[in-house]
Amino acid sequence: MNITTAPELIGRAAQGITPGYMSGFGNSFETEALPGALPIGRNSPQRAPYGLYAEQLSGSPFTAPRGRNERSWLYRIRPSVQHSGSFAKADCGLWRSAPCFEHEMPIAQLRWDPPPLLQGQQTFLQGVETMTTAGDVATQAGMAAHIYLITASMLHQHVYDADGELLFVPQQGGLRLVTEFGVISISPGEIAVIPRGVKFRVELIDGPARGYLCENYGGAFTLPERGPIGANCLANARDFLTPVAAYEDSDEPSELFVKWGGALWVTQLPHSPLDVVAWHGNYAPYKYDLRSFSPVGAIGFDHPDPSIFTVLTSPSETAGTANIDFVIFPERWSVAENTFRPPWYHMNIMSEFMGLIEGVYDAKPQGFLPGGASLHNMMLPHGPDREAFDHATTSELQPVKLTGTLAFMFETRYPQRVTKHAATSGTLQADYAECWRGLEKRFDPTKP
Ligand code: FE2
C-alpha cells in the first residue's frame, strides 16, 4: 500500500529535525500530508478541505484540567463510524487483562529467561504474551506487562486498544508502527507510545522482533516532575518525536481488531482505517531514544532512589504514587565514595517488573539476561545477588563507567498478578532466589 506523507518533510530535514517527525513532548502539533488539508482558524468548518471528514479524538474527559487535557482533531477520508461495524469476539491468545485470577502461585521473587523466537508466522496480534496484570482495566487503573514475539508483519489488519495506551520497548529487531497519525520506526534502545484509541498496525523492519509492552490502563504517561533538579536533564521534552501526517487511500478489505474490556474484538472493513490526511492537537503517538536520557546521580556518597531514572510516569490521583513509572538504568558513571554502589537491599510498596534490553544489570551480573524479565512484587525483599555484593564491598572505589547496559522497570502502585502463562513457562527460573542464599551471616559483635 502506498503511504502519502507530509510535504513539510523536506523543510524539517533542512532544519536538522529527523525527517518524518516533529519534536517536543505534549505539544499542540499540526501536520498535513496534502497542502491545505488542515483547516485554518477553526476545527470543524462547514466543509473540510478535500472532502475530508473532521473528527475529534479525546484522550481525556472534555473537562480535564488544561494541563492534562488531551485531544486531537483528525481530518480523514472516512469518519471512524465507517471504521467500525459488527464485532465478533476474537482469539486473544496469551493477552490477558487485569483483574486476572487464572492462576495462583506462591508469592516469590520471580525471574524469567528470554523467550525464544518462534519459527512460525506470528503477527503482533498473536505475539503478545502477558506476564503480569495489575489493577483493574474497567476502572482505568493499573497495567499489564507483556512480552511480544513477532515473526510476521500485520497485513490488511489494524488494531486499537481502548483499554490503555501501549508503551513499546523493543529488545531485538525493529518495529514500524503504522498509525493513523503517521509512521513511527523504533529499534532497540528506543521506545514508542501509542495512545488509547489510536488505530495502527505493526510491521517488522529487520526480521523477527522481541520486546516488552506496557499496557497502561491509567492516566496517560507524562514527564515526571524534576523538583530540585530544575529545568533540565532526565528526559528532555525536545527529544520526543511525533510523526507527521501520513495516510492510506486504500479500498482493499481489512480487519480491525479492538482491545476493549479485557477482550479482543474484530470487524471487517472494506478499506484501510489509516486515512487521516491531516491532524492537529496534543493527543498523538510518539517515540523517544532512551540514549537521549540525561541521568542525574550521586557525586558524593550514597545514591538516590531509582526514581531519578524515571523517563515517563502515569500519575494516579494520589500525588507521588504513580499508576506506573517507566524507569531505565542506562549507561552512566558510578563515582560515589565510601558507598555501596549497587541498588540497595529493600522492600517496596510499589511492584517492580524489570526487563533488560542489552548488557549486564549491575545488581544481577548473572542470570538476568537481555530479553528476560524479573518481578519483585509488593513488599517482597530483593537486592543485589551474592556476586554483586562481594564486588561492591571489596572493590577499590574508583570512578567506573557502566557501559553497554540498558535495563528498565515498569513500577506500579498495584500488586502484579502473574498470568498462568508466565507461571508455567519453561523460561521461569526455579532457582532465582538462590542468588541470595550465599549471603552468609557476617555479624561479629567484637568487630565494630
Ligand atoms: Fe526494587
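Residue under question is Pro306, and the condition is that it be in contact (Cβ under 8 Å) with a residue 40 or more places away in the chain and within 12 Å of the ligand (Cβ to nearest atom); does it hold? It is true that Pro306 is in contact (Cβ under 8 Å) with a residue 40 or more places away in the chain and within 12 Å of the ligand (Cβ to nearest atom). Out of Gly300, Gly320, one residue alone is at pLDDT 95 or above, more than 16 Å from the ligand (Cβ to nearest atom), out of contact with any Cys (no Cβ under 9 Å at 6 or more places or on another chain) and open to solvent by 10 Å² or more (accessible area, probe 1.4 Å). It is Gly300. As for the range 335-344, it holds at least one residue that is among the basic types (Lys, Arg) and either out of contact with any Leu (no Cβ under 6 Å at 6 or more places or on another chain) or modelled with pLDDT under 95 (or both).
To keep it simple, each residue is scored yes or no on (1) touching a His at 6+ places or on another chain (Cβ under 8 Å); (2) more than 15 Å from the ligand (Cβ to nearest atom); (3) among the β-branched types (Val, Ile, Thr); (4) at pLDDT below 95.
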site	(1), (2), (3), (4)
Met354	yes, no, no, no
Gly383	yes, no, no, yes
Met409	no, no, no, no
Tyr414	no, yes, no, no
Val418	yes, yes, yes, no
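Every residue in the range 5-43 that is within 22 Å of Val178 (Cβ to Cβ), open to solvent by 20 Å² or more (accessible area, probe 1.4 Å) and modelled with pLDDT under 95, please. Matches in the range 5-43: Thr5, Pro7, Glu8, Leu9, Ile10, Arg12, Ala13, Ile17, Thr18, Pro19. Going by the structure shown, is Leu264 assigned to a loop (DSSP other than H, G, I, E, B), in contact (Cβ under 8 Å) with a residue 40 or more places away in the chain and open to solvent by less than 40 Å² (accessible area, probe 1.4 Å)? No; evaluated as a whole, the condition is false for this residue. When Gly281, Gly320 are checked against the criterion of being out of contact with any helix residue (DSSP H, G or I) (no Cβ under 7 Å at 6 or more places or on another chain), of a type in the set (Gly, Ala, Ser) and free of Cβ contacts under 8 Å to residues at least 24 places away in the same chain, a single residue qualifies: Gly320.
What tally of residues in the range 56-83 results from selecting those that are open to solvent by less than 60 Å² (accessible area, probe 1.4 Å) and touching a Ser or Thr at 6+ places or on another chain (Cβ under 6 Å)?
3
Gln398 satisfies every condition listed in (1) away from the ligand (no atom under 13 Å from the Cβ); (2) touching a helix residue (DSSP H, G or I) at 6+ places or on another chain (Cβ under 7 Å) except (2). Note on the range 392-401: residues that are open to solvent by 40 Å² or more (accessible area, probe 1.4 Å) and under 19 Å from Phe329 (Cα atoms) amount to 3.
Within the range 267-286, the residues that satisfy the criterion of being surrounded by 21 or more Cβ atoms within 10 Å (Cβ to Cβ) and of a type outside the set (Gly, Ala, Ser) are Pro273, Leu274, Asp275, Val276, Val277, Trp279, Tyr283, Pro285, Tyr286. In the range 431-445 there is no residue matching the filter, namely being crowded, with 16+ Cβ neighbours inside 10 Å, more than 16 Å from the ligand (Cβ to nearest atom) and over 30 Å from Ala319 (Cβ atoms).
Taken together, the residues in the range 241-261 that are open to solvent by less than 20 Å² (accessible area, probe 1.4 Å) and over 26 Å from Lys89 (Cβ atoms) amount to 7. For the range 344-374, the tally of residues that are closer than 24 Å to Tyr414 by Cβ and open to solvent by 40 Å² or more (accessible area, probe 1.4 Å) stands at 5. For Phe353, the conditions (1) touching a residue at least 24 places away in the same chain (Cβ under 8 Å); (2) touching a Gly at 6+ places or on another chain (Cβ under 9 Å) all hold with the exception of (2). Considering the range 363-381, and only residues there that are touching a strand residue (DSSP E or B) at 6+ places or on another chain (Cβ under 6 Å), more than 9 Å from the ligand (Cβ to nearest atom) and in contact (Cβ under 8 Å) with a residue 40 or more places away in the chain, the residue that is farthest from Glu215 (Cα to Cα) turns out to be Phe368.
Residues considered: Leu312, Leu290. Of these, the only one that is of a type in the set (A, V, I, L, M, F, W, C), surrounded by fewer than 22 Cβ atoms within 10 Å (Cβ to Cβ) and at negative phi is Leu290.
Checking each residue in the range 323-340 for being away from the ligand (no atom under 15 Å from the Cβ), open to solvent by less than 40 Å² (accessible area, probe 1.4 Å) and over 15 Å from Arg413 (Cβ atoms) picks out Pro330, Ser334, Ala336, Thr339.
The values are calculated or read from the model by the stated rules, or taken from the named source; none is laboratory data. Everything quoted here is computed from the prediction, not taken from an experiment. Note that each Cβ is placed from the backbone with ideal geometry, even for glycine, and that neighbours are counted across all protein chains shown. Side chains are part of the model used for accessible areas, which takes the heavy atoms of the whole protein and leaves out ligands, DNA and RNA. Shrake-Rupley method; radii C 1.70, N 1.55, O 1.52, S 1.80 Å.
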